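Input: a single structure, listed below in structure tokens.
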Amino acid sequence: MELKSNHSVPVLTDPVPINNSRLGIPSNLLPHLPPAAAFSSGLYLTIPRKKPIPGKLDDVRASGYLDAMKSSSPPRNKLIKDFSNEVASSENDAAYNSWLMKYPSALTAFEKITNYAKGKQIALFLDYDGTLTPIVDDPDCAFISLSMRATVRSVAKYFPTAVISGRSRNKVYELVGVPELYYAGSHGMDIMVPVKHYMSVDGNTSYVRSTDQWDKEVNLFQPASEFLSMIDEVFRTLVEMTKEIKGAKVENHKFCASVHYRLVDEKDWTMVAQCVHDVLKNYPRLRLKHGRKVLDIRPVIDWDKGKAVEFLLESLGFSNCNGVLPIFIGDDTTDEDAFKVLREGNRGCGILVSSIPKESNALYSLRDPSEVMGFLNSLVRWKKSLAV
Ligand SMILES: [Mg+2]
């Protein structure tokens, strides 16, 4: 593996001046606005607003938000009650089985995967929502089951294991509740590495020494730290703007924010999209990414879950890929960045969790979190069998 060792704070991929135009946002929601003196000093630059193009709507339809919201939110399987639905179900099964030819089940391909791992250390990278827990309507209720927690604790005994989630690092740490793991929150923009495991990757890495919930010393790597107050500002603005939309839920993940619309009536999706669109127009250093019934707002930096995997591999001492087989298991679009990193150059295995066919950079698939648990338990059994 050829890992780049320059993991200092990444550069902006699309540098643009800071915008001070926040029209229409109540001033009490903008506690971090700079004083007028700073504007006149030139520290804050204003981007001229684009003139409206005649005949072209500057709204969510024109920007494609709604289309993306619909296409990134496939309906979950419903109970089959009548004959016509049974026909549709068997067609779906046929489509899924044909998709499995391209993305074989990691359970049926288990021997092949462990053959790759012979003489190597497996390093596990796990997403949280939709991977370790089923997707639920309220993200606050996505609790890990006791059996999944035991499984994760068990794999961590045998393999270096990290959870990389879009949630805030503290939140996902609290939800998983297994101190032996490595945790990365905010789509990999907030990485925690236990001090005892830490190996220096280069002399420029911007670590912050801290302690975790159990008072253990840890190193934090936060490549988007300069966006902390901006994300907080956007979060509070969006809470205010969406408070009248029934079912909309805004979350602050520290270095990114998200707007969930799973519980919003589809006729109101336009309003959700319009709120996010209107806010983002004023923050050119933030961008939107579509997840499963969620709009993720993230800093424009060259950092994602793929970069986080590379960074963690280096921190674990696997800067030479010959001795390691990284396996990343995830279900969402943000996990594709990690799948891609592992796929390129045959560095490792991406496993997509999905009950419906979809294109992916992953090599293998698992249908749902219960199959993820089965796969992880199989890895533990395989590892134990090697020691006998
Ligand atoms: Mg997920």
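What the table below lists for this structure:
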quantity: Per principal axis, descending, Cα span of region 213-370 in whole Å; calculated: 53, 39, 33
quantity: Long-range amide H partners of residue 121 with built H, under 5 Å; calculated: 324, 325
quantity: Distance-filtered residues of region 322-356 - backbone nitrogen under 13 Å, label point 7 angstrom along residue 105 Cα→Cβ; calculated: 354-355
quantity: Region 331-388: GluC sites (Glu not before Pro) falling in loop per DSSP and having at most 11 other Cβ within 10 Å; calculated: 359
quantity: Inter-label distance, nm, simple model (7 Å from Cα along the C-beta direction), residue 368/residue 138; calculated: 2.2 nm
quantity: Nearest-10 value in Å² for the accessible area of residue 208, using the 1.4 Å probe; calculated: 80 Å²
quantity: Kirkwood-Stokes translational diffusion coefficient of region 227-299, alpha-carbon pairs, 10 °C, 1.306 mPa s, µm²/s; calculated: 133 µm²/s
quantity: Under-5 Å amide H pairs with residue 282, H placed in peptide plane, nonlocal only; calculated: none
quantity: Residues with amide H under 5 Å from that of residue 253, placed H, sequence gap 5 or more; calculated: 258
quantity: Number of Lys pairs (Cα under 18 Å; 8 or more positions apart or on different chains) in region 227-299; calculated: 10
quantity: J(HN,Hα) series, region 259-269, from Karplus relation 6.51 cos²θ - 1.76 cosθ + 1.60, nearest Hz, glycine and proline x; calculated: 10, 8, 10, 4, 9, 8, 4, 4, 5, 9, 4
quantity: Sites residue 211 and residue 387 - FRET efficiency at Förster radius 41 Å, r taken between beta-carbons, to 0.05; calculated: 0.75
quantity: Contour excess over end-to-end distance, with Cα ends at residue 195 and residue 232 and 0.36 nm allotted per residue; calculated: 10.5 nm
quantity: Rounded accessible area per residue of region 227-299, 1.4 Å, Å²; calculated: 37 Å²
quantity: Cα centroid separation, region 287-323 to region 234-272 (Å); calculated: 24 Å
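The values are calculated or read from the model by the stated rules, or taken from the named source; none is laboratory data. Fair warning: this is a prediction, and the values are worked out from it, not measured in the lab. Don't worry about glycine lacking a Cβ; one is built from the backbone with ideal geometry, like all the others, and counts go over all protein chains shown. Only protein heavy atoms, including side chains, enter the accessible area calculation; ligands, DNA and RNA are left aside. Shrake-Rupley method; radii C 1.70, N 1.55, O 1.52, S 1.80 Å.
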